[in-house]
Structure formats: structure tokens, C-alpha cells
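Bear in mind that the values in this text are calculations on the coordinates, not laboratory data. Keep in mind that what you see is a predicted model, and the values were worked out from it rather than measured. Cβ atoms come from the backbone with ideal geometry, glycine included; neighbour counts cover every protein chain shown.
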Amino acid sequence: MSFLSNTRILLMLGSCLLLSGCQRADKPEIASGDPPDSHQEMVDLLQRTKTLQSDSVFFGNRQLRMAQEMLAKLPASAPVIQRIYALQMIGEEQLKHGRTQLALESQTAALKLFNEEADQLTDDEKTLTKIEVRMLFLVALTYLRIGEVENCVHCQTGESCILPIRKGGVHLQQSGSRHAVEYFQRVLAKDPDHSGARWLLNIAYMTLGEYPDSVPEQWLVRFDTFDSKDSFPRFANISRDLGLDVITLSGGVVADDFDNDGWIDLMVSTWDTAGQLLCYRNNGDGTFSERTSEAGLTGLFGGLNMIQADYDNDGDVDVLVLRGGWQRNAPGISHPNSLLQNDGEGHFRDVTFAAGLGARHYPTQTASWADFDNDGLLDLYVGNESFPCQLFKNNGDGTFRNVARTAGVENGSYTKGVTWGDFDNDRFPDLYVSNFGTPSRLGETGTEDVDRPFAADRGSENRLYRNQGNGTFVDVAKQLQVTRPLFSFPTWFWDYNNDGALDIFVASYHGTVEDLAGEYFGLPRQTEASCLYRSDGKGGFEEVSASHGLQRTTLTMGANFGDLDNDGFLDFYLGTGSPEYDSLMPNLMFRNQAGKRFADVTATGGFGHLQKGHGIAFADFDNDGDQDIFAEIGGAYKGDGFSNALFENPGFKNQWICVKLVGRQSNRSGIGARIHLVIEEADTERSIYRWVNSGGSFGGSPLRQNIGIGQATQVKTLEVYWPTSNQTQTFHDLPANQFLKIVEGQDQVQVQQLKAIRFQRQPSE
């Protein structure tokens, strides 16, 4: 049971005035032509959006004001239950805004009133117990959040909130968790089957450094239930050392080389409409510097996700910022996307309106670049929520036009993830669309359900649009049986087993923390699992998640893939969670076991961050040949921010090669090109395949490809296939551990001289 249940509260109060969603959303506003200054037009529009969001469910305080007003207007003769629920509502709203002490005051006042007046509420003992359990749980949860704020948000170490919590993550100020333990145990005394309370009780004990010894045996949770038995080194979270631990809400990340100096930089967003887009320059000496102003980003707010590409073929990385996801275009509020054009030196200008991408502002958080018609120009597909999706064809003059309707790819569902890949090897990229279903809009009162804003009433099938090579697509998802999960979120094409055929991963977003906890208790899974569709190499797929160890409750949001151990097989990291404050669940890392199954290395590798995980990027920030992982961390509500994480790869003593492609006839980024390596290990040859893109649909990894080659000392053969020109370049006997640049049509590989460095770490306290 989610701790948020405002609709029921409002029903008992007898009013829908506390809700902001009593009207159907107006159509998005339409821009009135290209502005004289596209960048300033965007800055002005985002400033207006920031101002209007004061009434937002997520960022504003209208709900709180109206709840307080309702409580004040209750007559003395009003039923006690109405006053209790009003106090609870105020407490929940205060918690959303990060006012933890005020939230606690309201929740404890409600509990005190209940204890004093319980005999006036109902004669039904079962109903009384249910009300009391809920109140005790809310008090416990508020205390737990107080402990998080005091110890993790404002006084954190790199080990804060990473499951299993180790010495550096144990709370120094323990009052919050002590009280949380007390109240969670009171919940369980009343309701022994309350899996959420049991789960959080164990986490509270862990924050005190008393897990597992002090946990009552009947409530003990074994967090190592799904751990891999193989040895695996720990990745330290060093974001604090590098000054990258800024506190944000949910958002996106792009990791790439913005200034063409050979070092991977960072751009980070937050969906907070008052949250500044941030840019960090990699200084090449183990440090980063914030360069937001110098990058031209001042005044560009918000963004739940971002993706990058060289859309104008000028040799640098441009960025698309996506806005409005989950927010349903409230009347009068626009959430425009931003196309940021790079000048080659890491300075950006917003060209959205001038490029023809700003005519309509549909809510979205997912998009993907590809050259769908093989004309050498990158096109853009934007997956919108409850509005038609858009396919923007690149006109080659810096502008785009929407051809989604004629192409047959408008989708017409609630799109949460999109990805391109040529699954049938006909040179034309195909499109997979992940749909979340039909979001909950109507509660019991007939008003919008703000309790579970990321929930859905019913699922929706996903789509696989086959590119017919003539500008049109046909949906073959049902035919190929790749429509599930029905409640899905991020997705990607990849070749996880190195057989040369693209597979599909699509993550489920279904369930609650109670469902997750139940799996650790040994209960049967009640949720829809993620799907792994293995290609048969003939244009068909088989769903193999069960045999590959992936039948889990994950509630995946951010996600991406990369090669942790440089063995040549792709691993992946899932950012998990939901808006509710009780949604404390570990982000999950899965290690590829030679393409046969995946092992959970979350705990052993130190990846089990309990805070909400969003945009993820695998990137070699220190140019030492292995991939580190950046994770954008933070929740949906104003008070649920957290600092981002950067996990340093400790190294696995395997070899690698890094390839940067430069298209000439093809798009400059090389997006969609296939790289095929043949290596020899222990007298055995094997192949490794990569397709150039930024990875999964929620987070942007670099377009240059870091490829692990195990113990091979050289690459015997490296082939690059360019779909646009239909040409293959072949190179032989390339030494390992090099940065290579391959230009389409040139018969020589360019070796780039990039040195490895060590991150500058702060002394341990």
C-alpha cells in the first residue's frame, strides 16, 4: 500500500478543491513562427513556466494551502475523522516540500487525536486497526526521512544510502532512525503482514549500524537474497570528491566530449522547472569544473532526460533536452524541449524554434536520433505522452519537419522509451517504442488521482516499427511477439550475446516497494517483469528473461548499459523507484555472463543506491580504458532531492580498445554504424559487436565506443559497416589499449594520444 492516499482523504473531507487536476488539459500552445532570437525566446518561455508551476502537484504548494484552509474551516461539529485526515494530508504535503519537522508535527497531531477519540470513529475494530496502522506508518516514514536528511542529504559520504549500508553510511545523528524503528515495530505489531514496514524497518536498523543483529528474527530481511556468488570488486562513489554531488530532483545526464579535447564532460538536468541545467568540464587532471555559464546554459531550466548527437554534421556534440514527462500539460503551462547547438568549444545556443522543433510542446521524456532514410542526416523521433509522437526529418539546412503521420509512427499511447536499431539488417533503422499504458487519471471522486501520479490503470502494448525503406513504417510487434511488458519504461537495442544480431531489452515499471520486498521474503512475484528479446538472427525474437535471471520486480526508470569488466559482453544498470517516500529500493547492476545469463552484482559492486535513480551513463572519464558510471539521483517531489553519484571502476586487468567514428557520407556521429571486432583469447577466436549510439533511452553514454577485449593483446580484425554508404572498412592487427579514430572512406586508422589520469580524491574523514 502506498503511503500517499490523498484521493481517499479528499473523499472523506468531501471536497475535490484540494486537487489541481479537475479539468481536462488544454491543447498545447502553438508557437507563432520562428522568433528573432531562438535562444532568448526559450529562456523567456522557461521563466514563465517556472513561475506558473507554483501550483504544480510536484513543485508548488497549492495542495498544502488548500488542505490548511480546509482544516481551518472545519466546524467544531465535524466528524473527528475529517480532522485526522486533514492533518495527515497537511503532513504529507509538508513532507513533499522537504519540511520534515512540520510534517512530523502534523502526523503526530493526527495520531494523538486518533488515540484520544478512537471510540468516536467506528465500532469496526478492523477499520480502526487499518486507520491506526496507516497513521503509525506515516509517522515512522517521516522519522526515517528526517534521518536521511540529517545524515545523507546534507552530511553525506560516498557510502550514504548505498545498500548494504556500510560503516561510512551509518547515521551519526541517529534520533530519526531510532524513532522510525520504534514506529515501524508498532506497525508490525498491529499488522504483521505489512511488507513495506518490514522492509523499511530493516533499512532503518542498517542506518544505525545494527543490522542484522538487532533486527527481531521474525522481521529480518536477507538483502543478499539475489546476490551473485562470484567475487566482484567494489566501485566507490566519488562524486563528492569531484564536486559532482549536486543535489537535484529526477533528471537526465549526457556524458560526452563537448569541447573535442579528448576528455568526457558532463551535462546534468533536473525536471524541477526552477532547476538550472548544469555543465561540468573534465579538466583532464582528475578534476571537473562547473562551466554552466561559460557553456551558455544560464536560464535554461528543467529537463527530465537528455540525448546527444551531431545533428548538424559540424563535428561537435549537440544536446536535446526533453521536458514535461509525467506532467500532462496542465492548462496554460508549456514544457518545451530544447535543442542545444554546440559551437565546437563547449558553448551552446538554444535553436529549438529556429530549427522548427518548437511549434508544439507535448509532454515527453524520451527521444532518439537516427538517419531513418539514409540520406546522411540525423533525424529525430520524440515519444510523447498521450499526444502523437513526432518524427522530425532533418532538412539539411538546420531545420526539421514532422513526418510522423505519413510515416505511420504517431503511436497514440503514453510513450516512455524509444530506441532505434536495424533488427532485420536491411540498412534502414527500425524503431522500438515502449508504452507505459493509460495513466491513472480518475480517482474515486471523479478527479485526477494525484496519489499515484506515475501509476497506470491498464497496460499498453509496445510497438516495433519496421522501416520499409520508403519513408514509411509498419508495426510488427504483435507479429514478432515483442509487445510486452504492458507497463514498460526504458528500452534499448543491443547485442548482449555477441552473435551479430540486435536484441531488445525493455524494462518493466510495475509494482510497489511492497512487491519488491515480497520477493526478498520468498513470496511469488506479483508484478510484470522486464523482457529480454533475443534475436534469432532471422528477424524474429524469443523472450528469454526467465532463463537469463531477469524475472524480478525492478520499477525501472533510468537505465543504460556498458561493459563493466572489459570482457566484451555488455552489462547494465537500472535506476529504480517511484515518487513515494517509502519507495526506498536499490538501483540494480547486472553483469553479463558470456551472453548466457546475468548475475546481480548490485551489493558486491556497491551500486545499490536506495535513492531514486534516473539518467545513467557509462563512460571512461579518466581515460584508463574502463567505464565508470554516472547516475543522476533524486525524486519527483521538491523535498526529495539527492546528490548524484559517480562510481569509479577499480579495473579488471582486461584489455580494451576505444573507437571514435567520423562519418563523411554517413552522419558525422556515426550513429547506426556497426563495429565488429575479431579477437583471440587462449587460442580461441571470438567476435564482439557494437552499434554506435548513446545507449539506453534514459541517459546518454558517449558516442565513442569503449570496447573490452578480455585478455586479447590485439584486435585481429576490426570492421566498420556504414549503412548509409553501404560500405565496410576493414583493419587488421590493431594493438590493444588504444584510442582510435576511424573516418569513413579512409584506409588508415588514426591513433589518438590520450593519457590516463587518476581522479583527485579527498582524504578520508
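Think of it as helices only: each DSSP H run of n ≥ 4 in the chain is worth -39500 (n - 2.57), and spread over all residues that comes to -6000 deg cm²/dmol at 222 nm. By definition, a body whose alpha carbon gyration tensor gives a ≥ b ≥ c is prolate when a/c is 1.5 or more and a/b is larger than b/c, and segment 217-258 fits this prolate description.
How far, in degrees from 0 to 90, does helix 80-96 lean away from the longest principal axis of the Cα atoms of the chain, to the nearest 10? That works out to roughly 30 degrees. Reducing segment 94-136 and segment 270-290 to their Cα centroids gives an inter-centroid distance of 42 Å.
Once the Cα-Cα distance is subtracted from the 0.36 nm per residue extended length, the Lys653 to Lys167 segment shows a gain of 172.1 nm. Roughly what percent of Cα-Cα pairs across the chain reach past 50 Å? That tail contains 12 percent of the Cα-Cα pairs. For segment 491-508, backbone phi angles converted through the Karplus equation (6.51, -1.76, 1.60; θ = phi - 60°) give residue-by-residue couplings of 7, 6, 8, 6, 10, 6, 10, 6, 9, x, 10, 6, 9, 10, 10, 9, 8, 7 Hz, Gly and Pro being listed as x. What pairs from Lys167/Lys596; Lys653/Lys716; Lys73/Lys126; Lys96/Lys130; Lys653/Lys741; Lys612/Lys660 go past 26 Å between their alpha carbons? The pairs that break the limit, which is 26 Å between Cα atoms, are Lys167/Lys596; Lys73/Lys126; Lys612/Lys660. DSSP bridge analysis restricted to segment 655-752 gives an antiparallel fraction near 85%, rounded to the nearest 5. Each peptide in 672-683, 306-317 receives the mean, over its residues, of other Cβ atoms within 10 Å, and ordering these scores from highest gives 306-317, 672-683.
Can you tell me what share of the DSSP beta bridges in the chain is antiparallel? A percent to the nearest 5 is fine. Please list the in-between numbers first.
Working: 119 of 126 bridges.
If we restrict to bridges inside the chain, about 95 percent are antiparallel.
Computed extension gain for Gln481 through Trp219, at 0.36 nm per residue and net of the alpha carbon distance, reaches 90.2 nm. For segment 655-752, pairs of C-alpha atoms spaced more than 23 angstrom apart make up 22 percent of the total.
Among Glu719, Glu744, the ranking by other beta carbons within 10 Å of each residue's beta carbon, starting with the fewest, stands as Glu719, Glu744.
If I take R0 = 51 Å and measure r between the Cβ atoms of Asp683 and Arg761 in this structure, what FRET efficiency does the formula 1/(1 + (r/R0)^6) give, to the nearest 0.05? Don't jump to the answer; show the numbers that get you there.
Details: r = 41 Å, r/R0 = 0.79.
Computed FRET efficiency for Asp683 and Arg761: 0.80.
Modelled spin labels at Asp124 and Glu410, positioned 7 Å past Cα toward Cβ, are 4.7 nm from each other.
Taking amide H positions as modeled 1.01 Å from N, with prolines and chain starts lacking one, the residues under 5 Å from Thr717 and 5 or more places away or on another chain are Val678, Asp733. Between 0 and 90 degrees, rounded to the nearest ten: what's the tilt of helix 38-52 against the longest Cα principal axis of the chain? Tilt relative to the chain: about 20 degrees. The length gained by stretching the chain between Gln752 and Arg401 to full extension, at 0.36 nm per residue less their Cα-Cα distance, is 122.6 nm.
Taking the convex hull of the alpha carbon positions in segment 307-371 and averaging its projected area over all directions gives 4.8 nm².
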